[in-house]
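Chemist: Let me begin by handing over the structure; questions about it come next.
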Amino acid sequence: MIAWPLLGSIAANFGWRTAFSAPSLLLFLVALIFYLCVDEKPEGSKQVGKTTPPKSRFKRILFSKEIAAISLAYMLLQFVRSGFTLWAPSYIFEIYGLSLDIAGYVAAIIPIGGIVGSAVSGWLSDRAKSFGRTIIIFMLILSLSLTLFAFYYAAPYSFQMGIILLFLSGLTLYGPHTLMVTVIPMEHKDTYGAASVAGFIDGVGYIGLTFADPFIGWIVDVQGWNGAVIFWIISSLTAALLVGGINWSNMKRKD
């Protein structure tokens with residue numbers, strides 16, 4: 001939330017090279033604080049999955065249909081997240097004709113929506129535990145797809161509507177993103193180990209990002225912003241189908 005307006009202002013007033021050096025200084029400070037303040041072995045901590053060798057655990061994760069589907073869905077959501085993270089200021093800068101620093105301030109509405117979405121999704125997943133957390137993830141991703149559809153048709157014609165839809169995009173994007181890499185691994189801690197599942201899901205997501213970032217840039221160059229938004233819509237709908245498939249399998253298993 002702070003990064004976009006801060007870096008937009010730095011780039012507009014001091015040049016883009018300064019926008020690279022400022023985060024480096026902040027990272028050094030955070031690393032120092034982390035080293036001095038974070039306890040390596042906090043009191044009461046427990047290691048999970050001691051009885052299962054890491055290689056065996058990884059094989060079981062690899063052949064789990066549910067974790068594979070969640071991982072692929074997470075990778076597709078990373079396509080959307082990467083697009084908004086990297087390209088939202090450029091989109092706002094070009095479509096609405098704003099200055100670079102103002103575009104950075106406007107783009108901050110996305111992570112603000114993400115903060116709200118993360119809190120709301122966590123609250124909903126606890127309240128609707130009897131339905132299963134994947135139902136909440138499915139509904140949020142489906143809502144993201146509908147928001148992107150609205151963004152595709154309405155955002156270029158109305159600045160105010162664009163702001164609202166950017167907020168809703170952040171809300172419906174970061175909500176399922178948070179559940180998939182935190183709550184889902186914790187639910188599988190006794191079977192595979194929470195850290196192993198979280199690492200696998202996150203790893204698959206970042207493998208996808210390796211190809212998604214340059215691909216989105218290519219789409220913007222060739223097809224324009226509409227092509228990029230269509231790509232994000234397809235990615236979110238496919239992610240919703242994958243999570244919906246998990247729900248369907250779980251419902252059949254209960255029957």
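The values are calculated or read from the model by the stated rules, or taken from the named source; none is laboratory data. The structure displayed is predicted, hence computed values, not measured ones. Neighbour counts run over all protein chains shown; Cβ positions are idealised from the backbone, glycine included.
Chemist: Suppose we keep only residues that are of a type outside the set (Ser, Thr, Tyr) and not in a helix (DSSP H, G or I) within segment 189-204. Which one would you say is surrounded by the fewest Cβ atoms within 10 Å (Cβ to Cβ)?
Modeler: Result: ASP190.
Chemist: Sticking with this structure for a sec: Filter segment 148-173 down to the residues that are of a type in the set (Ser, Thr, Tyr) and either farther than 19 Å from TYR105 by Cα or not in a helix (DSSP H, G or I) (or both) and list them by number. First the steps, then the outcome.
Modeler: Filtering segment 148-173 for residues of a type in the set (Ser, Thr, Tyr) gives 152-153, 157-158, 169, 172.
Of everything in segment 148-173, those that are of a type in the set (Ser, Thr, Tyr) and either farther than 19 Å from TYR105 by Cα or not in a helix (DSSP H, G or I) (or both) turn out to be TYR152, TYR153, TYR157, SER158, THR172.
Chemist: What are the pairs, 6+ residues apart or on separate chains, where a residue within segment 78-102 that is charged (D, E, K, R) and modelled with pLDDT under 80 has its Cβ under 7 Å from a residue that is assigned to a helix (DSSP H, G or I) and crowded, with 18+ Cβ neighbours inside 10 Å?
Modeler: Note: pairs meeting the criteria are ASP101/GLY8.
Chemist: Of the residues MET186, MET139, which single one is part of a helix (DSSP H, G or I) and surrounded by fewer than 17 Cβ atoms within 10 Å (Cβ to Cβ)?
Modeler: Values: MET139 fails: surrounded by fewer than 17 Cβ atoms within 10 Å (Cβ to Cβ).
Every option except MET186 fails the conditions.
Chemist: Looking at SER56, is it within 30 Å of HIS188 (Cβ to Cβ), part of a helix (DSSP H, G or I), of a type outside the set (Asp, Glu) and at pLDDT below 85?
Modeler: Numbers: within 30 Å of HIS188 (Cβ to Cβ): yes; part of a helix (DSSP H, G or I): yes; of a type outside the set (Asp, Glu): yes; at pLDDT below 85: yes.
Judged against the criteria, SER56 is a match.
Chemist: What is the number of the single condition among (1) surrounded by fewer than 16 Cβ atoms within 10 Å (Cβ to Cβ); (2) closer than 18 Å to VAL243 by Cα; (3) of a type in the set (Phe, Trp, Tyr) that PHE159 does not meet?
Modeler: It fails just one condition, (2).
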